[in-house]
Structure formats: structure tokens, C-alpha cells
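To start, the structure under review is shown below, and the notes come after it.
All of the numbers you see were taken from the coordinates with simple rules; none came from a lab. Because the structure is a prediction, the values reported are computed rather than measured. FYI the Cβ positions are ideal-geometry reconstructions off the backbone, even for glycines, and counts take in every protein chain you see.
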Amino acid sequence: MKCLNCKICEDNCQLEKVDIPSLFCMNCQPSEAPCLKECPNNAIEVLGGAITINQEKCDKCKKCESVCPISAIKI
Ligand code: SF4
Ligand code: SF4
């Protein structure tokens, strides 16, 4: 189907409020993900199977950055 540029999706897009750690993120299992377990604000969420950082909850404490085994997060 061809996009009609109606922009209805813009108002509902979840990605506006979130950051994806990086292309290197392995999307660790949510129950195991060190970043997700470490975040004191529950700002790291799983969206469509991908690990994301909810900017509305993140206070930039950088705790997730220090525990990612492959340094996929840069706050
Ligand atoms: S710990 Fe690192 S690799 Fe694992 S989900 Fe978090 S950001 Fe991705
Ligand atoms: S910087 Fe802190 S608050 Fe933001 S996602 Fe990482 S651990 Fe959570």
C-alpha cells in the first residue's frame, strides 16, 4: 500500500518519546537485560520486542550505561 502522507500516525507514534539504545543493542531478554534491571525509574521498556528508553521517565542518571556489557547505551 502506498503512503498517502495523511500524518494520522504522527500523533500516535510511540517512538517519539523513546530512544533505541543503538544498533548494537542485543535486545537482551527483558528478564535478563542488565540495563532494564538497573534503571531506578523503570524508564527502560520493551516496545515491539526492542529495548527502548522512555525519555519521559529517564533522569539521565547513566546507571544503565555502565552495566550494558557491550556499551550499547550512550546517555
Ligand atoms: S544491556 Fe545493553 S545490549 Fe542488553 S538490552 Fe540493554 S542496551 Fe541492549
Ligand atoms: S539514564 Fe538512568 S533513568 Fe535513564 S534509562 Fe538509564 S538508568 Fe534509567
Can you show me the helix-derived [θ] at 222 nm for the chain, built from DSSP H runs with n ≥ 4 at -39,500 (n - 2.57) apiece and divided by the number of residues, rounded to the nearest 500. -4000 deg cm²/dmol
Return the long-range amide H neighbours of V18 (sequence gap of 5 or more, or a different chain), with a cut-off of under 5 Å between placed amide H atoms. Q55
With only Lys, Arg, Asp and Glu charged, each at its Cβ (+1 for the first two, -1 for the last two), find how big the charge dipole of segment 9-75 is about the Cα centre; round to the nearest 20 debye. 320 debye
Using only the alpha carbons of segment 18-67, determine the length spanned along each of the three principal axes and report them from longest to shortest in whole angstroms. 23, 19, 18
How much length is gained if the chain between S66 and N42 is pulled fully straight, taking 0.36 nm per residue apart and subtracting their Cα-Cα distance, in nm to one decimal? 7.0 nm
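Length gain on complete extension for the stretch I20 to I8, per 0.36 nm per residue less the alpha carbon to alpha carbon distance? Walk me through the numbers on the way to the answer.
On the way: separation 12, 0.36 × 12 = 4.32 nm, distance 2.27 nm.
Taking I20 through I8 to full extension adds about 2.1 nm, to one decimal.
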